[in-house]
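What follows is a single structure, written as structure tokens, with notes after it.
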């Protein structure tokens with residue numbers, strides 16, 4: 001395909017090149033991983049210097065829209081999953097809002113005895129079994145998060161629920177339990193052998209570790225959730241107002 005820009009336009013050449021590249025970024029073939037046209041060849045087609053073209057490319061690389069690697073060429077950057085701290089949504093709902101298709105790679109439901117920390121959080125004894133749900137989730141082509149959720153016995157879960165549904169929607173509709181408060185802790189860790197195997201990354205790779213403590217309207221504990229996210233696939237943003 002041949003590309004062109006208007007050399008008689010008052011718009012600077014690098015700005016026109018940037019506009020052209022932004023259009024290419026949105027095309028399906030480049031969204032699917034096709035390498036961008038060679039810089040030298042594209043500069044010749046547009047009748048501009050390679051420096052002018054690179055100025056446009058560098059801007060888009062800085063914005064995180066393109067990635068450029070030696071001998072591999074320039075490609076559209078795979079968008080990282082983003083979560084805001086003031087969002088009160090289940091993971092499924094967050095991803096749906098962002099238009100990100102999600103695949104469940106693993107789903108396991110078991111009954112376990114809580115350790116002392118979990119028992120203290122739920123205000124129960126360690127000999128009382130609780131429901132544990134583990135999930136590995138991600139985009140259709142790769143997993144990027146491992147979740148483990150523990151639920152208070154008071155909810156009345158049986159283990160036969162459809163955990164493929166949005167979690168908090170299911171708890172409200174099927175068990176009349178309304179999650180109203182979430183407290184979270186975020187930290188950086190390195191992946192151990194278990195998490196590395198789940199996320200298909202090397203042992204020692206950086207991961208984002210998130211704890212979520214969920215309560216009902218009476219501030220009674222409902223869920224204790226931990227999540228390990230691939231560091232290059234997830235961005236956590238904090239939004240504050242004054």
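Every read-out reported here was derived from the displayed coordinates using simple, explicitly stated rules and does not represent laboratory data. Values in this document were obtained by computation on a predicted structure and should not be read as measured data. All Cβ positions, glycine included, derive from the backbone under ideal geometry; neighbour counts span all protein chains shown.
So here's what we get for this one:
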{"item": "Chain lengthening between residue 205 and residue 169 when straightened (0.36 nm per residue, less Cα-Cα)", "result": "9.6 nm"}
{"item": "Percent of Cα pairs exceeding the 32 Å cut-off, where the set is the chain", "result": "38"}
{"item": "For segment 132-242, convex hull volume per residue from C-alpha positions, Å³", "result": "133"}
{"item": "Degrees, to the nearest 10: 50-62 long Cα axis against longest axis of the chain", "result": "10"}
{"item": "Cα-derived Rg over Rh, computed across segment 13-76 with Rh taken as Kirkwood radius", "result": "0.92"}
{"item": "Relative contact order of the chain, defined on C-alpha pairs under 8 angstrom at six or more residues apart (%)", "result": "16"}
{"item": "The chain - mean residue ellipticity at 222 nm from DSSP helices (-39,500 (n - 2.57) per run, n ≥ 4, rounded to 500)", "result": "-7500 deg cm²/dmol"}
{"item": "Rounded FRET efficiency, nearest 0.05, which uses the C-beta distance separating residue 180 from residue 19 and R0 of 41 Å", "result": "0.35"}
{"item": "Protection proxy ranking, peptides 119-130, 215-226, average beta carbon neighbours within 10 Å, highest first", "result": "215-226, 119-130"}
{"item": "Protection-proxy order for peptides 187-195, 160-168, each taking the mean of Cβ atoms within 10 Å per residue, highest first", "result": "160-168, 187-195"}
{"item": "Residue exposure sequence - 11, 170 - by fewest surrounding Cβ within 10 Å", "result": "11, 170"}
{"item": "Nearest-0.05 FRET efficiency for residue 41 and residue 215, computed from C-beta distance (R0 45 Å)", "result": "0.15"}
{"item": "Spatial separation of Cα centroids for segment 1-69 and segment 179-193, in angstrom", "result": "39"}
